[in-house]
Amino acid sequence: MLAIDIKEDGVIIAPIGSKAWGQASFAGPPGDDGKAMHVGLEHVRLKIVGTAVPLRSTPLRDGSGELEYHRLENSGRIAITLYMAENVTVAPAR
C-alpha cells in the first residue's frame, strides 16, 4: 500500500493507499526478535493513471543494494520500500 502520494508537477498521480500487486514470498520468523528474514518479490506492479508500472525491491537498477523493510509492530506484517523499475510514460492525470 502506498505510504505517500506520488505527484508529477504538483498533481497526484497515485494517491496514498494505492495498492501494488504481484507475487511475494516470505521465509523466517514472524515475530520481531531480530532474526534474519528472506523476502522474495516477483512481477510487482502499481497502477499509476491507468498504467501498470513495474516495481523493484532494490534502490539500484542493476539489482544491487539491500531490500529495505521494517516490521509493523504487533501485526506480523512488514512494510517494504519499492522503487520504479523503469521509466514509463503515463497518460496525463485528469
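Values in this text are rule-based calculations from the coordinates and carry no lab data. It should be emphasised that the depicted structure is a prediction, and the values quoted were computed from it without experimental measurement.
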Legend entry - 5 angstrom amide H check on Val90, placed H, neighbours 5+ away: none
Legend entry - Vicinal HN-Hα couplings computed from phi for segment 58-64 (Karplus, 6.51 cos²θ - 1.76 cosθ + 1.60; Hz; Gly/Pro x): 10, x, 9, 5, 7, x, 7
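If I stretch the segment between Leu67 and Tyr83 completely, what's the gain in nm (0.36 nm per residue apart, minus their alpha carbon distance), one decimal? Provide the component values of the computation, followed by the final result.
Numbers: separation 16, 0.36 × 16 = 5.76 nm, distance 1.05 nm.
My answer for the length gained is 4.7 nm.
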Inset, instruction - Just report the Cα centroid separation between segment 43-61 and segment 69-94, whole Å. - result: 8 Å
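Take the alpha carbon atoms of segment 6-84, find their radius of gyration, then divide it by 2.2 N^0.38 Å using N residues; give the quotient.
In units of the globular-protein estimate, segment 6-84 measures up at 1.23.
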Legend entry - Amide H contacts under 5 Å for Ile48, placed H, 5+ residues apart: Val53
